[in-house]
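One structure is given here, and the rest of the page talks about it.
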Amino acid sequence: MMFTCTTPGCTDLAHGHRFGAARSAAAARARKRSVSSKLVRDKKKGRSLRVDIHCHYLNRDAAAKLAHLNPAQYEPSVKFASALTREVNVKQMQDRAAMLSTIEVRLKDMDRMGIDIQAVSPAPQQTYYWTEPGLGAEVSRMVNDRLAEIVAKWPDRFVGLGTVPLQNVELAVIELERCVKQLDLRGVEINPNVAGKELTDPGLNLDRFFAKARELDIVIFMHPIGFTQGERLMDHYLNNVIGNPLDTTVGTSHLIFGGVMERHPGLKIVLPHAGGFLGHYWARMDHAWRARPDCRTVIKKPPTSYLKKFFFDTITFDPEMLRNLIDKFGAAQVLLGTDYPFDMGEEDPVGLINSVPRLPSAEKQRIMGGNAARLLKIRR
């Protein structure tokens with residue numbers, strides 16, 4: 001997730017803030033896994049493609065355009081952060097700004113990590129659902145145009161996932177079509193809620209958006225920005241540590257129980273952070289569906305029959321947990337992810353996948369890039 005300023009609510013990089021690279025003990029241990037830089041050189045020897053489904057780019061022009069509106073007041077990751085979290089985030093700003101917005105720095109990091117292609121999406125808070133719809137559409141175009149420029153300049157290293165103004169479904173559908181048909185972006189990033197409203201809220205009428213996404217056969221990458229009722233999660237960075245996977249869990253549950261996945265079969269929705277908590281405690285919702293009529297008001301099948309249609313990134317930080325995810329949902333549903341360039345990401349994704357016990361080589365290749373290439377229509 002995004003880091004923040006000591007000034008309450010300030011996330012504007014136009015102020016000169018920088019992002020930092022604090023390394024946790026867990027990250028240090030992870031670095032002991034296989035070194036990735038050599039694997040880039042092995043590409044000429046025929047190794048499979050490696051595609052990062054989960055990585056972000058911050059558009060500084062879009063951030064500057066909205067800075068006067070104090071975006072942080074609408075962002076759960078800022079609203080529900082303690083003074084210590086803000087202090088830590090400021091210290092981390094020293095070197096992450098270049099990683100977020102400078103492609104030359106990013107390319108070096110990709111080579112070091114063994115990543116051939118990034119499916120680069122906006123920094124999560126740059127969906128700007130809280131804005132007036134017309135302004136939201138304008139800023140979405142700015143973000144998407146820049147992503148298209150990056151892809152055009154480095155077509156062998158990037159594909160783009162854009163953003164659309166979900167606060168107005170008509171404008172969202174228009175921008176989605178432009179993303180795909182004019183800019184050749186391969187999908188869009190959305191948040192698990194629209195300024196606190198569930199994706200199934202009747203007032204949003206987002207079935208039109210999901211129908212268009214299915215028609216265009218694009219990827220939807222659903223990324224949280226912290227839990228929207230995070231009053232209990234302010235200390236210890238809990239609104240990221242717990243809040244991010246919780247927001248994904250709640251949003252996904254609404255898509256399932258609200259019938260979106262049933263009404264729009266074939267949707268390609270990728271869940272970050274290994275699916276949140278739902279990817280690892282799925283049996284409870286199946287039990288509820290069997291036990292209670294209020295869990296069967298819309299869907300006709302057990303919830304996990306729809307959950308299995310989602311895709312999951314590999315950001316588990318633990319080989320056994322990743323092994324369990326693969327066992328439950330299948331290698332075809334799991335994709336390499338890093339959350340680059342944030343400190344809650346996985347810096348050695350290749351090493352993590354290689355360390356998964358009992359994982360056949362063919363499945364490793366699918367997870368490292370084959371699945372993403374298929375979803376994103378990457379043909380190399």
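The values are calculated or read from the model by the stated rules, or taken from the named source; none is laboratory data. As the structure is a prediction and not an experimental result, all values here were calculated from the model. Backbone-built Cβ (ideal geometry, glycine too); neighbour counts: all protein chains shown. Side chains are part of the model used for accessible areas, which takes the heavy atoms of the whole protein and leaves out ligands, DNA and RNA. Shrake-Rupley method; radii C 1.70, N 1.55, O 1.52, S 1.80 Å.
Counting only protein heavy atoms and a 1.4 Å probe, tell me what percentage of the range 133-192's accessible area is made up of carbon and sulfur. Write out the running numbers ahead of the final one.
Working: 1040 of 2120 Å².
Carbon with sulfur: 49 percent of the solvent-accessible area.
What is the extension gain from ALA332 to LYS153, computed as 0.36 nm multiplied by their sequence separation minus the C-alpha to C-alpha distance, in nm to one decimal?
Full extension from ALA332 to LYS153 adds 61.4 nm.
DSSP loop (so not H, G, I, E, B), at most 12 other Cβ within 10 Å: list which chymotrypsin sites (Phe, Trp or Tyr not before Pro) in the range 253-362 pass both filters.
Values: sites: PHE257, PHE277, TYR281, TRP282, TRP289, TYR306, PHE310, PHE311, PHE312, PHE317, PHE329, PHE342; in loops: PHE277, TYR281, TRP282, PHE310, PHE317, PHE342.
Qualifying residues, ordered by number: TYR281.
Can you figure out the FRET efficiency of ARG47 with THR102, using R₀ = 25 Å and their beta-carbon distance, to the nearest 0.05?
0.35
Measure up LYS65/LYS308; LYS108/LYS212; LYS79/LYS181; LYS108/LYS197; LYS268/LYS301 against 29 Å on the Cα-Cα distance and list the ones that go over.
LYS65/LYS308; LYS108/LYS212; LYS79/LYS181; LYS108/LYS197
Putting +1 on Lys and Arg Cβ atoms and -1 on Asp and Glu Cβ atoms, find which of HIS56, THR127, SER77 reaches farthest to the positive end of the dipole of the range 45-132.
Ranked along the dipole, the leading option is HIS56.
If the reach is capped at under 18 angstrom between alpha carbons, list the aspartates and glutamates near LYS153, excluding any in the same chain fewer than eight residues apart.
Partners found: GLU104, ASP109, ASP111, ASP116, ASP145, ASP184.
Taking amide hydrogens as modeled 1.01 Å from N in the peptide plane, which residues meet the under 5 Å criterion relative to LEU271, leaving out close sequence neighbours?
PHE311, PHE312, ASP313
When volume of the Cα convex hull per residue in Å³ is calculated directly from the model, which label among (i) 146; (ii) 129; (iii) 200 fits?
Computing volume of the Cα convex hull per residue in Å³ and matching it to (i) 146; (ii) 129; (iii) 200 gives (ii).
Estimate the FRET efficiency between ARG208 and ASN70 by the formula 1/(1 + (r/R0)^6), using the beta-carbon distance for r and 30 Å for R0, to the nearest 0.05. It would help to have the intermediate numbers written out before the result.
Numbers: r = 31 Å, r/R0 = 1.03.
Computed FRET efficiency for ARG208 and ASN70: 0.45.
Using the Karplus equation 6.51 cos²θ - 1.76 cosθ + 1.60 (θ = phi - 60°), what ³J(HN,Hα) coupling, rounded to whole Hz, does each residue of the range 165-172 give in order, writing x for Gly and Pro?
Going residue by residue, I get x, 5, 5, 9, 5, 5, 5, 5 Hz, with x marking Gly and Pro.
When the accessible area of the range 263-353 is split by element with a 1.4 Å probe, what percent falls to carbon and sulfur?
The value for the range 263-353 is 56 percent carbon and sulfur by accessible area.
For labels at ARG263 and SER82 in the simple 7 Å Cα→Cβ model, what's the distance in nm?
Going by the 7 Å Cα→Cβ label model, 4.2 nm.
Mind checking the per residue accessible area of the chain for me, 1.4 Å probe, whole number of Å²?
Per-residue value: 41 Å².
Go ahead and run the numbers for FRET between ALA195 and GLU215, Cβ-Cβ distance against an R0 of 30 Å, rounding to 0.05.
0.70
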